[in-house]
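Just below is one structure, and these are the notes that go with it.
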Amino acid sequence: MRKLLRRLHEEDDGQVMILVAILMVGLVAVVGLVTDGGMVFTQRRDLQNVADAAALAGASQIDENAYRESAGKTVSLDQSAAYTAAVGYLEQEGGLNYGVTVAPQQVDVSVSRTATTGFLRVLGIDGVKISASASAEPRHGIAAGQP
């Protein structure tokens, strides 16, 4: 029995294989986190673009009657048209949770969704919650001093 224990203690065949297996698990985990992190950031940027565009769509709906009555001095939103335009844009995108707030001089949009993952699914993480928000104000004409 002592000879067998001494022989097992002295032999180191296969120890490197165990070390490589453990390090490969760590390497795959890091690669997965980097890859999924990049995917989540890309999806977050796309969501920000959606929020920006929806706010801009709403802010482009000015109250033309108020504008004409003031001879172009007063620019305010047609609040119902602004809300409808922003929500319509978000509905076309689909799969979003959103909120739209319209005031006479501003449209605020907030959106959220779940970003999908690839490697992290192995660990049971199917998605990450992401959100974005944007605000826009009505604009008209050309500012003084600019071409």
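Taken together, the values in this text are just the output of simple stated rules run on the coordinates, not laboratory data. Owing to the predicted nature of the structure, the values given are computational and were not obtained by experimental measurement. Don't worry about glycine lacking a Cβ; one is built from the backbone with ideal geometry, like all the others, and counts go over all protein chains shown.
Points worth noting:
- Model label sites at VAL25 and ALA103, defined 7 Å from Cα along the beta-carbon direction, differ in position by 5.4 nm.
- Residue (of GLN48, GLN61, GLY118) at the positive-pole extreme of the stretch 11-136, dipole from beta-carbon charges: GLN61
- Rounded to the nearest 20, the size of the Cβ-charge dipole of the chain about its Cα centre is 680 debye, with Lys and Arg at +1 and Asp and Glu at -1.
- Taken over the chain, the ratio of Cα radius of gyration to 2.2 N^0.38 Å equals 1.95.
- Based on DSSP H segments of at least four residues, each scored -39500 (n - 2.57), the chain has a per-residue ellipticity at 222 nm of -17500 deg cm²/dmol.
- From phi via Karplus (6.51, -1.76, 1.60), per-residue ³J(HN,Hα) for the stretch 43-56 in Hz, x at Gly/Pro: 5, 5, 5, 4, 5, 5, 4, 5, 4, 4, 5, 5, 5, 5
- Gain on full stretching of the segment that runs from ARG121 to ARG139 - 0.36 nm per residue minus C-alpha separation: 2.0 nm
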